[in-house]
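The structure appears below as structure tokens.
The values are calculated or read from the model by the stated rules, or taken from the named source; none is laboratory data. Just so it is clear, the structure is predicted and the values come from calculations on it, not from any experiment. Using ideal geometry, Cβ is built from the backbone for each residue, glycine included, and neighbour counts are taken over all protein chains shown. Ligands, DNA and RNA are stripped out before the accessible areas are found, and what is left, the full protein with its side chains, is counted by its heavy atoms. Shrake-Rupley method; radii C 1.70, N 1.55, O 1.52, S 1.80 Å.
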Amino acid sequence: MTTSLLAIYAGLYFWGVARYEQHTRRRFPQRFIAAECIALVALWVAIVALDAWADASFAAHMIQHVILIAIVAPALVLGAPLRVLLGALPRAQARTLARVLRSRAVSMLTAPPIAWLAFIAVLWGAHYSNLYELALEHPAIHIAEHVAFLASAALFWSHAFPVAPLPARLAPPARALYLFLAGPPTAFLGLSLWSSHGVLYPHYLHVTNPFGLSPLEDQHAGGLVMWASGSVMTLTAVLAVLARWARAERSAIVACAVTFACSCIATPARTNAAIDGKIVYAVHCASCHGADLRGGPDAPSIRGVGAADVDWWVATGRMPAAIPWVQQPRRPLLLSPAEVDAVVTYVVSVAPGGPPIPHVETNGNLQRGRELFAQNCEHCHGADAQGNSIGSDYVAPDLAAATAKQVGEAVRVGVGMMPKFGERQISSNGLNDLATYVDWVHCGRQTPGGIDLSAIGPFGEGAVAWLVVTIGVTGYAWFLGTRMRRANETKEPEPVD
Amino acid sequence: MIVPRLVAWADERLGTRSFVKHALRKAFPDHWSFMLGESALYALIVLIATGIYLAFAFNPSGERGPYHGPYVPLQGTTVSGAYASVLQISFVLPGGLLFRQVHHWAAVLFVAAILIHMTRVFLTGAFRRPRELNWMVGFSLLLLGLFEGFSGYSMPDDELSGTGLRIGYSIAAATPFIGKWAAAFLTGGAFDSPQTTGRLYALHCILGPALLLGAIALHMLILWRQKHTQFRGPGATEANVIGAPMWPNYAIVSLAFGSLIATLLVALGAFVQINPIWQYGPYHPWQVAAPAQPDWYLGWLDGALRIFPPVEINLAGYHIESALLAGAVVPGIAIGLFLFWPFVERAFTHDGAVHNLLDDPFGVPQRTGIAAATFTFFAVLTFAGSNDIQSYYLHVPVDVLTVAYRVLVFVLPLLAYLATVELLRERTSWPPAENEGSRKTIVRTTSGGFDEKATRS
Amino acid sequence: MSERTALRLAVGGAILTIFSALAFVVAFLLDTPYYAMGFCATLAFAGIAVSFWAWSTGLVTPKRVVEQRDVAPQTTGAELALGQTVVAESSGLTRPELFAVLSLAAGGTLGVAALVPLRSLAFPPATEGPAKPEPWRAGVRLVDVDGAPIHHDWLTIGAIGTVFPEGAIDDPTASVVLIRLDPRVVPRARRDWSPEGYIAFSKICTHVGCPVALYRKTQHELLCPCHQSRFDVLDGARPIAGPASRPLPQLALTIDDTGVLRASHGFLEPIGPAAWGQT
């Protein structure tokens, strides 16, 4: 369907160009047509060709969005479709359209700060709320999301490369600054995704990744794509603007600005280690835990702790740890899954004992699991398993990325500050039920109502209410009241009685 | 054709023509800040409209039974009738969740709107004679709003609100002398009795709205009788009111405003989740979910309870703890100060004259400074109420935050007051004739430069 | 805004409202999800909002009116005048002062008497019967939420659970946290209260009564989530942080011959937050 829509649009565009040349008796610049074609082709590649991959991989989805924002949107703007429209319409309608485009309302709505804010807001809002997850589940919302990306990006780029008939609103240095300032928010978003500890979009926990990455690694890759592409995109755009300006102004300041505008992009390195458990241990663990597993000043003894304990710490990325004796957060794995298994086997073989890795399934009783969660877990981990502080600087982490096996391990071992729940207190069936509920909370649960404000609770809801009241309600009162006063000011007051 | 005849029929019997003519031409000062009180009124209309629907659908029963409904994790679990009925509203009744969410969003907006209106009245000195009574009625409306909100979100008997009810019960029980009866009246005997929901229902749906509507009627009546205040301006005196006529000018603007508020509330109710009680689960007095916060308008109380140091005083045989001080004494003092503020201010300013003209907030540095300090004080307390959430997201130890808030709750309001007074002292209020500040004259010196000479007017 | 634009917006808004309201009804009848109905309702109200705004901006002639206030009320003269007016109008009443006094006395007493039955709303007759026995007494068995007795192997070392007195599971102040410590770290004072490392405290926080459910195993600290009070389990649940000032009352435990945990005796301190008048 997208292909046919694109074909229709292409057809209309070329027909419009023909009408434009007929009405204005001028050639429509070739480069604009080329830009529009590039836009349409890139759009087709992004939406149609990459679609299957985008559903299964966050990184691929990110590439899709990057194409939309960094290639399709600017190319669409450079193709000057509005100019074509103005030229193609009959005179009266063209005049009305021109008047609308020049009106105060439109210029207010498309002002550079609004365009910039809208672009950043759509970008952040789509990724840091459950809109992304909703979009993956509902095609209608997904289409709306892509339209929003395209529209906000097109508006953003319309100030970077002003093309008639919209007036150029920013002088070249302002344009460069406008583009440059868009760099940090996109980079920051990408960076936060790249270094995130938990999987943000549970949809990816249930699909097979076509590149063989784990959901967290996939998310990190997507963040890296965003970071890198955002930097490259902004840098290129700023350089293009400065180059044009330099050609026009030939100022030395431009040269300095170009140097200033160079941002650095760093890429992380990934290490590879051998699969022998003893060597893995020696490389990553022995420096703190000792060659004999007895620990030392930087780490406790791990003799006899059990396979479940070691597996939990290493498979969640908490170990190897850089800083000793603090509460370790979940981190991207430094070791491959094979290395994790190898080191677990090695540690248990050297000093046997402790609880084994429990076998936990997610086919248990959901109701019993909810009860167990409410009795034993929600006071620390939160009713949504979203994590919370447990006093001082310790937290009970959010359980979004916890697999059923990890839930079982944590419960049976009593990792870190967690209490240790034995067989008599929570049976193995109970553990299955618990894991089923934890899994359900993050994937496919019933929680209608809309955007869930990250389950912060009444504090978040109050913040939204205040935002709406102070900006929406008070702002509108100011808007209406000042209009009324301005209209009334010149009138002589008539006596009432 | 029919409508004019019906209207004429009524008018013949009630003689309303002259009153209506007078009413339609009433002068409404056309400054935008006069519309803020209406925002609360429109939020209340939405609350009542959605509340009536919910009152029919809600079952105020504390009787427990197994849940049989579409929310899977709770199927078969023993829940109270009240909780089950709210699940029914949210998951089964068509549009039920929409009504419920719009109602709750309207409630949180209602209190914010009252606060903004109250701030405007305070900053402009509209509470001075002869409007002291109306100020007290208005502040009582705020208290009623807080109570309605608390009782409203406690009705579903879910884990989060039940925890709040427990805290409220304990504070009531600790109140001097009337404690035992106040606490027992609220819950119908002991805590977690089956009559609690019924009590809350009667209080929230019958007594509360009756008092609210009565107080609003009184508020509007006094306003009508005393007429609005107005800002200084050309032609404005203490003895008149200039503004747009009620009909059609002001009424249409007000309807535009009200319909936007309704749009915002319905949009919030449709697209932003609020109070997902199914996630919290039914209330058990021995279970709790973290984080545990009340709705924002009671966040200051929770913050006060959190940061108040653990004191224990034995006074004349009575045992006083921090819960009583933070939960009853400090709020009691605050409420007393707010309620009787017109008289408190008069004790300092010795200004007992009638004021129908408003002050420019920038021209009365002390009062504006007090407003800034009060706002900051309650804002710090509100933020202190969610110190555990901040600790989790900002990676700061919760103990550090608690100590920081204990300091900030004194320092920040003081700073706010001083900063406001300092910043505003230099500004002069308008018009200059009323201004008691100094005028400045620019003179040309003999050496050719310019110099300022301050002269008293 | 020109009159023509305003008219177009006003009519457009009204048409939007009409269609959206009808769509809302259709959405309701078709039992669509709440957000579909919400979307239609939002559009309906938005239509009215646009319509009224357009009307107020472009189709209302600006006008100002000036109203005169009543003469500023006199100070003391007014009160006397009001009082004198009432007195003057009551001239047809013989002995008006006696009337006032009798009305006040009789009506006042009757009014106060009528309010007294409200007392039973606070204390219904059933609760004023013979006092119920204390839920935690010597020999009472510890049970879990389903009523099953707690055996001495229920918790592993380092675990925590919630227990209740047998026969009074529904008592809102009777819940107890049961922790199993390593017997070597059980505090020496009251060691006989903690058989096999089991130690029990009232779960009701002594601050304002929330359940103290969080447990930090390695520091042996109980934490209340409501206002962040922390209690040291190895020191009789003494509060070490936060606004609570009294320790959680400890329950003395014993293990009977069948291996079931029982209370040795009831709590020695009052449970939960201090009510007024409690010493």
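If you check A:362, A:345, which single one turns out to be over 28 Å from residue A:394 (Cα atoms), in contact with a Ser or Thr (Cβ under 7 Å, 6 or more places away or on another chain) and of a type in the set (S, T, N, Q)?
A:362
Any residue at all in region A:395-410 that is in a helix (DSSP H, G or I) and within 13 Å of chain B (Cβ to nearest Cβ)?
Looking through region A:395-410, none of the residues is in a helix (DSSP H, G or I) and within 13 Å of chain B (Cβ to nearest Cβ).
Which of the residues spanning region A:336-353 are outside any helix (DSSP H, G or I) and either touching a strand residue (DSSP E or B) at 6+ places or on another chain (Cβ under 6 Å) or open to solvent by less than 50 Å² (accessible area, probe 1.4 Å) (or both)?
A:336, A:351, A:353 - these are the residues of region A:336-353 that are outside any helix (DSSP H, G or I) and either touching a strand residue (DSSP E or B) at 6+ places or on another chain (Cβ under 6 Å) or open to solvent by less than 50 Å² (accessible area, probe 1.4 Å) (or both).
If residue B:264 passes every condition in (1) in a helix (DSSP H, G or I); (2) open to solvent by less than 10 Å² (accessible area, probe 1.4 Å); (3) more than 8 Å from chain C (Cβ to nearest Cβ) but one, which one does it miss?
(2)
Identify all residues within region C:105-125 that are modelled with pLDDT of 80 or more and open to solvent by less than 60 Å² (accessible area, probe 1.4 Å); write none if there are none.
Answer for region C:105-125, where residues must be modelled with pLDDT of 80 or more and open to solvent by less than 60 Å² (accessible area, probe 1.4 Å): C:105, C:107, C:108, C:111, C:113.
What helices (runs of 4 or more DSSP H) lie completely within region A:419-497 and have 1 or more residues being within 10 Å of chain B (Cβ to nearest Cβ) and open to solvent by 50 Å² or more (accessible area, probe 1.4 Å)?
A:458-467, A:475-488
Taking region B:276-322 as the search range and keeping residues that are open to solvent by 20 Å² or more (accessible area, probe 1.4 Å) and part of a helix (DSSP H, G or I), which one is nearest to residue B:112 (Cα to Cα)?
B:296
So, in region C:246-265, of the ones that are in a loop (DSSP other than H, G, I, E, B) and open to solvent by 20 Å² or more (accessible area, probe 1.4 Å), which residue ends up nearest to the other protein chains (Cβ to nearest Cβ)?
Among residues in region C:246-265 that are in a loop (DSSP other than H, G, I, E, B) and open to solvent by 20 Å² or more (accessible area, probe 1.4 Å), the one nearest to the other protein chains (Cβ to nearest Cβ) is C:246.
Tell me which residues, restricted to region B:267-283, are hydrophobic (A, V, I, L, M, F, W, C) and more than 13 Å from chain C (Cβ to nearest Cβ).
Of everything in region B:267-283, those that are hydrophobic (A, V, I, L, M, F, W, C) and more than 13 Å from chain C (Cβ to nearest Cβ) turn out to be B:277, B:278.
Among C:29, C:98, C:102, C:43, which is the only one that is within 30 Å of residue B:91 (Cα to Cα), modelled with pLDDT of 85 or more and exposed (fewer than 13 other Cβ atoms within 10 Å of the Cβ)?
Matching residue, one of C:29, C:98, C:102, C:43: C:29.
Does region A:444-466 contain at least one residue that is touching a residue at least 60 places away in the same chain (Cβ under 8 Å) and in contact with a Lys or Arg (Cβ under 8 Å, 6 or more places away or on another chain)?
No, there is no match, as no residue in region A:444-466 is touching a residue at least 60 places away in the same chain (Cβ under 8 Å) and in contact with a Lys or Arg (Cβ under 8 Å, 6 or more places away or on another chain).
When you look at residue A:430, is it under 26 Å from residue A:214 (Cα atoms) and touching a residue at least 24 places away in the same chain (Cβ under 8 Å), yes or no?
Spelling it out, it is not the case that residue A:430 is under 26 Å from residue A:214 (Cα atoms) and touching a residue at least 24 places away in the same chain (Cβ under 8 Å).
Give C:243, C:273, C:239, C:225 a once-over and let me know the one that is open to solvent by less than 40 Å² (accessible area, probe 1.4 Å), part of a strand (DSSP E or B) and either under 22 Å from residue B:307 (Cβ atoms) or in contact with a Phe, Trp or Tyr (Cβ under 8 Å, 6 or more places away or on another chain) (or both).
C:239
If you check every pair at least six apart or on different chains, which have Cβ atoms under 8 Å apart with a residue in region B:43-66 that is within 22 Å of residue B:106 (Cβ to Cβ) and without any contact (Cβ under 8 Å) to a residue 60 or more places away in the chain first and a residue that is basic (Lys, Arg) and open to solvent by 20 Å² or more (accessible area, probe 1.4 Å) second?
B:50/B:100; B:54/B:100
Specify which of the listed residues (C:180, C:216) is farther than 20 Å from residue C:136 by Cβ, within 14 Å of chain A (Cβ to nearest Cβ) and buried (at least 17 other Cβ atoms within 10 Å of the Cβ).
Checking each option against the conditions leaves just C:216.
Sort out for me the helices (runs of 4 or more DSSP H) sitting completely within region B:1-78 that have 1 or more residues that are at pLDDT below 90, open to solvent by 50 Å² or more (accessible area, probe 1.4 Å) and among the charged types (D, E, K, R).
Helices (runs of 4 or more DSSP H) meeting the threshold: B:2-14, B:17-24.
Report those strands (runs of 3 or more DSSP E) wholly inside region C:124-222 carrying at least 3 residues which are of a type outside the set (Asp, Glu) and on the phi > 0 side of the Ramachandran plot.
Once the strands (runs of 3 or more DSSP E) in region C:124-222 are filtered for at least 3 residues that are of a type outside the set (Asp, Glu) and on the phi > 0 side of the Ramachandran plot, nothing remains.
If you take the residues in region C:134-158 that are closer than 16 Å to residue C:180 by Cβ and within 31 Å of the chain's Cα centre (by Cα), which one is least open to solvent (accessible area, probe 1.4 Å)?
The selected residue is C:142.
Residues of region A:203-219 being out of contact with any Leu (no Cβ under 7 Å at 6 or more places or on another chain) and open to solvent by less than 20 Å² (accessible area, probe 1.4 Å), which ones?
A:204, A:218
Name every residue in region C:266-279 that is facing chain B (nearest Cβ under 7 Å) and aromatic (Phe, Trp, Tyr), in order of residue number.
Listed by number, the list holds a single entry, C:276.
For region B:405-427, what are the residues that are within 24 Å of the chain's Cα centre (by Cα) and open to solvent by less than 100 Å² (accessible area, probe 1.4 Å)?
B:405, B:408, B:409, B:412, B:413, B:416, B:417, B:420
Here is a list: A:304, A:369. Which entry is within 30 Å of residue B:277 (Cα to Cα) and away from chain C (no Cβ under 14 Å)?
A:369
Could you tell me whether any residue of region A:457-468 is under 24 Å from the mean Cα position of the chain (by Cα) and over 22 Å from residue B:263 (Cα atoms)?
yes
Scan region B:90-106 residue by residue and report those that are hydrophobic (A, V, I, L, M, F, W, C) and open to solvent by 20 Å² or more (accessible area, probe 1.4 Å).
Correct list: B:91, B:92, B:93, B:99.
Among (1) open to solvent by 30 Å² or more (accessible area, probe 1.4 Å); (2) in contact (Cβ under 8 Å) with a residue 40 or more places away in the chain; (3) within 14 Å of chain A (Cβ to nearest Cβ), there is one condition residue B:402 misses while meeting the rest; what is its number?
(1) is the only condition that residue B:402 fails.
Given the residues B:230, B:195, which is the only one that is touching a Pro at 6+ places or on another chain (Cβ under 7 Å) and not acidic (Asp, Glu)?
Result: B:230 is the single residue among B:230, B:195 that is touching a Pro at 6+ places or on another chain (Cβ under 7 Å) and not acidic (Asp, Glu).
Within region A:387-405, track down each residue that is surrounded by 22 or more Cβ atoms within 10 Å (Cβ to Cβ) and of a type in the set (S, T, N, Q).
Listed by number, the residues that qualify are A:388, A:389.
How about region B:293-322: which of its residues are facing another protein chain (nearest Cβ under 7 Å) and closer than 25 Å to residue B:147 by Cα?
Across region B:293-322, the qualifying residues are B:293, B:294, B:295, B:296, B:299, B:305, B:306, B:308, B:321, B:322.
Identify the single condition in (1) open to solvent by 20 Å² or more (accessible area, probe 1.4 Å); (2) within 14 Å of chain C (Cβ to nearest Cβ); (3) acidic (Asp, Glu) that residue A:384 does not satisfy, given that it satisfies every other one.
(2)
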